[in-house]
1. So which of A:Val6, A:Val56 ends up being within 12 Å of the ligand (Cβ to nearest atom) and within 30 Å of B:Arg192 (Cα to Cα)?
2. Can you give me the number of residues within region B:166-189 that are within 27 Å of B:Tyr56 (Cα to Cα) and facing chain A (nearest Cβ under 9 Å)?
3. In region A:214-229, how many residues are assigned to a loop (DSSP other than H, G, I, E, B), facing another protein chain (nearest Cβ under 10 Å) and open to solvent by less than 20 Å² (accessible area, probe 1.4 Å)?
4. For residues in region A:59-71 being of a type in the set (A, V, I, L, M, F, W, C) and facing chain B (nearest Cβ under 7 Å), which is farthest from the ligand (Cβ to nearest atom)?
5. Among residues belonging to region B:80-95 that are more than 7 Å from every other protein chain (Cβ to nearest Cβ) and within 23 Å of A:Ser71 (Cβ to Cβ), point out the one that is farthest from the chain's Cα centre (by Cα).
6. Say we look at region A:140-154 and pick out the residues that are in a loop (DSSP other than H, G, I, E, B) and over 18 Å from the mean Cα position of the chain (by Cα); which of these is surrounded by the most Cβ atoms within 10 Å (Cβ to Cβ)?
7. When the residues of region A:13-41 are narrowed to those that are within 13 Å of the ligand (Cβ to nearest atom) and of a type in the set (Asp, Glu), which ends up surrounded by the fewest Cβ atoms within 10 Å (Cβ to Cβ)?
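The values are calculated or read from the model by the stated rules, or taken from the named source; none is laboratory data. These numbers come from a predicted model, not from an experiment. Reconstructed Cβ throughout: ideal geometry from the backbone, glycine too, with neighbour counts over all protein chains shown. These accessible areas exclude ligands, DNA and RNA; they are computed on the full protein's heavy atoms, side chains included. Shrake-Rupley method; radii C 1.70, N 1.55, O 1.52, S 1.80 Å.
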Amino acid sequence: MSEMDVHKLTGAYAMDALDELERARFEQHLAQCEDCRAEVAELRETAALLAETTAVTPPASLRDSVLAGISQVRPLAPEVPASPTHAARPAARGRGWVPFLVAAALALIVGVGALVTQPWAPSDDAERLTAAEQVLQAPDAEEVSVDLGEAGRATVVRSKAQDRAVITTEDMVSAPSGKDYELWFIEGDEFVSAGLMPDAADQTVVLDGSAAAAAAVGITVEPDGGSEQPTSDPIAVFDLTEST
Amino acid sequence: MDHVRPVPDGAPQGAPSGGDEKRSEAARLADLLRQAALGDEAAFAAFYDATSARAYGLALRVVRNPAHAEEVTQEAYLDAWHSSTRYDAARGSAAGWLMTIVHRKAVDRVRSVEAATARDETWNREAAPTDHDQTAEAVHASLDAARVRGAVATLTDVQRQAVELTYFGGYTHTEVATLLDVPLGTAKTRIRDGLIRLRDLMGVAS
Ligand SMILES: [Zn+2]
């Protein structure tokens, strides 16, 4: 998409009419374009007025459920000026209480490192390269790349002997706000979660779980914290039956 | 937030502007949300009472299924409570903020794999008729509704169709382009131009 066109996505963005990758890319643009931020705010406000025309009184039981629900959780801590330790993870992410989400259940494995939400910093944790490197350098390593266009590029490498797979991304756009990228092993029509991808453009991540039997690896966009099963179509599928 | 300024010239005839009243209602909702952020459940209940018909009606219009609409609305209010500390009155109205959450969740719901297969093709069928109590609140809401309908009526047919398919149908702009059999660029333009016209007619400014 040309630079001129991107500013015209404000209307579609304000009405949630972009697909997940377009949305992620537009949010990147928004971060740098004050005009679009102002226009989006106005157009969201405008779109919200359309709800005046469809008002329907909800059942009384809904009020009871909502009030029962809020009594069990406190509002998030307010945003405070970012300190170096908080800067890596926006505080608005990661709500664990929404009943439809499965938070925390999905283990995230980044090599053997613990800095799961930090951009990859190879200099200070060479140790965690090992798990990924073992796969990348395995004699039986199979590799499949998917070009996501302007959203970046990703490569999956699997070693059947090690029963492990690694995904490497280049220039990958951040997941849309309130969403995470989730990785899946696909066998037939069965999806098994392989963990979440940290929010970083260029990274190497060891997938969580057994890789030897997978026919493919997929990436979907899921609500923050991930899902037990995909709730949207994959944005990328790495077909390991065609790997080299 | 001062998001509603007097209706400019060229606004639909007979559409009440109710400038002061709207401003004070907007200020009241923003206040309730601020109190909720401090943990005041009664304030949040009042916020719910003032907004739930719009929130539920929007969810119902997008997802169609009343049980799903209830789930979406409940999720949205829990989310609003949880993130009430992040609401910034300088960046938009409290009702607009809530509807943004409701719409996002409703759209996520219709786009999720299971719902996608069940989605009703007849996007333009009317949702269940409204059954407001005859309270001052309901009358207020219907005055606003008349004003919004008046503004929507001034859109060109193709703009209105694109805006409604997008907002109420929950379709992506690519899907809207396909549904209307026009190039993506055309769909994009109709969606944005339609919304901008509504913004100008209804006096929404940031
Ligand atoms: Zn822009």
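1. A:Val6
2. Looking only at that region, the number is 10.
3. Final tally of qualifying residues: 1.
4. Only one residue tops the list, namely A:Leu67.
5. So, considering only residues that are more than 7 Å from every other protein chain (Cβ to nearest Cβ) and within 23 Å of A:Ser71 (Cβ to Cβ), the one farthest from the chain's Cα centre (by Cα) is B:Tyr87.
6. So the residue we want is A:Ala141.
7. A:Glu34
Listed here are the residues, each with its yes/no results for (1) within 24 Å of B:Ser112 (Cα to Cα); (2) acidic (Asp, Glu); (3) touching a helix residue (DSSP H, G or I) at 6+ places or on another chain (Cβ under 8 Å).
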residue	(1), (2), (3)
A:Gln137	no, no, no
A:Val144	no, no, yes
A:Val192	yes, no, no
A:Gly209	no, no, no
A:Gly218	yes, no, no
A:Ala236	yes, no, no
